[in-house]
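Below is one structure, written out as structure tokens; comments come after it.
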Amino acid sequence: MTDRQDRTTHFGFREVAEDAKAGMVHGVFSSVASRYDVMNDLMSGGVHRLWKDAMMDWLAPRPGQRLLDVAGGTGDIAFRFLRRAPSAEAVVLDMTEAMLVEGQRRAEAEKLAERLNWVVGDAMALPFGDAAFDVYTISFGIRNVTRIEDALSEAFRVLKPGGRLMVLEFSQLPNPALQWAYDRYSFNVIPAMGKVVTGDRDSYQYLVESIRKFPDQDRFAAMIRAAGFEQVKYRNLTMGVAALHSGWKL
């Protein structure tokens, strides 16, 4: 059997050693952390906010629930969840401390501090016990995980019976002509925009490439089922530019 140290994976369109990817992803997000939210608004024309609101609408947070938001650095999802669910609690976990620091600087963080914790950690080896959370979310982060299957298994482990997984991620447009136009925008505009706003073209080149390497909606839904989740469904957002995936631990 091949030793894990000899395995490779993708970092954008590059093939890299599997055990090197996490450090490379950490470098990307450390580089862009201070301007990450600004770039999200510019790249999507603010539409990412509507996607995150759609995520909350489908999730329907309830009072008293405990949320784990993985790769949640700047807190967007946790803040939305807590505003909709009085007496709920949230843990924001991210592998990049600089992203968590930016989240803690936001005004919402101070207002919600008593119900919110920030943890540096790895999606593939969560530092929590079994059945510790009611809800697990990950927004635009699962495609950066070295072994997606391991992250989904960890999500299943830390959820309580009856708990829910919800993933928001960039996806594939079902219309080839629209996908072609979206690719032209992504590869020609976003890295250049990243250079102007953050001074870092390469990180945004990687982020664009990572979207193209991520499984399409049906393949990713099958991966969620394989991790043990049931009632797995997805909804396309903006014609499939992004997709919401939902699954239950039953």
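Descriptive notes on the structure:
- For the range 222-250, a tally of residues being free of Cβ contacts under 8 Å to residues at least 40 places away in the same chain and not in a strand (DSSP E or B) returns 2.
- Residue within the range 164-176 that is in a helix (DSSP H, G or I), out of contact with any His (no Cβ under 7 Å at 6 or more places or on another chain) and surrounded by 15 or more Cβ atoms within 10 Å (Cβ to Cβ) present: no
- Some residue of the range 142-152 being touching a Lys or Arg at 6+ places or on another chain (Cβ under 9 Å), farther than 19 Å from Gly75 by Cα and of a type in the set (Val, Ile, Thr): yes
Listed here are the residues, each with its yes/no results for (1) farther than 20 Å from Phe187 by Cβ; (2) over 17 Å from the mean Cα position of the chain (by Cα).
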residue	(1), (2)
Gly27	yes, no
Val32	no, no
Met39	no, no
Trp51	yes, no
Asp57	yes, yes
Gly73	yes, no
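- Residues of the range 119-138 satisfying the condition of being in contact with a strand residue (DSSP E or B) (Cβ under 6 Å, 6 or more places away or on another chain) and surrounded by fewer than 22 Cβ atoms within 10 Å (Cβ to Cβ): Val119, Gly121, Ala131, Asp134
- In the range 14-26, the residues that are within 17 Å of Leu93 (Cα to Cα) and either touching an Asp or Glu at 6+ places or on another chain (Cβ under 8 Å) or surrounded by fewer than 15 Cβ atoms within 10 Å (Cβ to Cβ) (or both): Ala22, Gly23
- Residue ID - surrounded by the most Cβ atoms within 10 Å (Cβ to Cβ), chosen from residues in the range 146-163 that are free of Cβ contacts under 8 Å to residues at least 40 places away in the same chain and closer than 25 Å to Ser210 by Cα: Glu154
- Test result for Arg219, in a helix (DSSP H, G or I) and either under 18 Å from Asp37 (Cα atoms) or touching a residue at least 40 places away in the same chain (Cβ under 8 Å) (or both): no
Each value in this text was obtained by applying a stated rule to the coordinates, not by laboratory testing. All figures in this text were calculated on a predicted structure; none of them were measured in a lab. Cβ coordinates were reconstructed from backbone atoms using ideal geometry, including for glycine residues, and neighbour counts include every protein chain displayed.
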